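Each remark here refers to the structure printed beneath this line.
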Amino acid sequence: MRHLKAHRKLGRTSEHRMSMLRNLATSLINAQDERIITTLPKAKELRPFVERAITLSRHATNLEGDNAEAQSVHLRRRAATFFHAGNRQQKISTGRRGPERAPRTAGVLALRRLFDELGERFKDRPGGYTRIIKLGRRDGDNAELAIIELVDNRREREAIEAANKRAKSATSAKKKSAKASKEVEETGSRRGGRKADRTYEKEETTKARGRGRGATDEKTEDQKPKGGSRTKKTEATSAEKDTEK
Amino acid sequence: MPNPKRRHSKARTRKRRAHDALRQPQTSVCPNCQEPRMPHRVCPKCGHYKGREVVQVEETS
């Protein structure tokens, strides 16, 4: 039975698995656009893993009391277990024998970014800091791929801003045409109320057709709405279609 | 060694295989480009998902 088997092993020993999850978490946080493409099972395993780390950083943003300093250090150390510690010794040891390599401190960078940026960003978000989007299957091994990304990233914020701008400019442009379309909308929404329609049409038609009809207005009143209402209906339906779109 | 006792008729073979047909995978239509795509997945043609998200850079080949 699958009872109490909460996680995937991903075909690795526990050391290998932990190492890989740390690498994935580091990559996700350090990535330029805050997203990585992996297989779907890895993404699904990574999600609770990084989100726990992010929650720790989130808690660090609203510490109070005398031991706030100590607590923030403690949180940082707890979060550090989600990343590789970095290898500052490496530069020295390999420097003698061969060409110098950059120190492996990506995990340290990720931790710093986690507490400096992400904690503040997700301060008011109760979990759910990541999003997984399925991509379909990969050529070669047919593995299901997915994007895992941090929510509320730069690209998203820019998209929202752009949308807001567009909406603003659209509303200012619409204002002129709004008056004309409003009249149509009103008649469309008041389909059942024929009386209201009739009085409205009467005004309009009298204005449009001038005084000549003024005398015969009372007689033709019963006939007029027929033709008038037909055109109104087509207008209303077209308006409705627009709103449906 | 095990050996077949009787001849295996075509009808038997075909009856067995009557249920072996594979089904076409379910697809839905991408609301952005009207191409078929797998449901709940990014459209491979235009890279859209859930309306706004351009997830991939569109490939021009």
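The values are calculated or read from the model by the stated rules, or taken from the named source; none is laboratory data. Keep in mind that this is a model prediction, so the values were computed, not measured. Note: ideal-geometry Cβ built from the backbone for every residue, glycine included; neighbour counts use all protein chains shown. The accessibility values were calculated without ligands, DNA or RNA, using every heavy atom of the protein model including side chains. Shrake-Rupley method; radii C 1.70, N 1.55, O 1.52, S 1.80 Å.
Peptides A:107-116, A:147-156 ranked from most to least packed by the mean count of surrounding Cβ atoms within 10 Å: A:107-116, A:147-156. Among residues other than A:T26 with Cβ under 13 Å from its Cβ, the summed charge is +3 (Lys and Arg +1, Asp and Glu -1). Given the DSSP H assignment, sum -39500 (n - 2.57) over each helix run of at least 4 residues in chain B and divide by its residue total; what's the result at 222 nm in deg cm²/dmol, nearest 500? It comes out at -3500 deg cm²/dmol, rounded to the nearest 500. Kindly state, to the nearest 0.05, the FRET efficiency for A:A68 paired with B:R23, given R0 = 51 Å and r defined as their beta-carbon distance. E(calc), rounded to 0.05, equals 0.25. Phi angles across region B:21-34 convert, under the Karplus curve 6.51 cos²θ - 1.76 cosθ + 1.60 with θ = phi - 60°, into 3J(HN,Hα) values of 5, 8, 9, 5, x, 5, 10, 10, 9, 5, x, 8, 10, 6 Hz, Gly and Pro given as x. For the residues A:R52, A:R12, B:R6, a 1.4 Å probe over the protein chains yields an accessible-area ranking, largest first, of B:R6, A:R52, A:R12.
Couplings 3J(HN,Hα) for region A:147-153, derived from phi with the Karplus relation 6.51 cos²θ - 1.76 cosθ + 1.60 (θ = phi - 60°), are 9, 10, 9, 7, 6, 6, 7 Hz, where x marks Gly and Pro.
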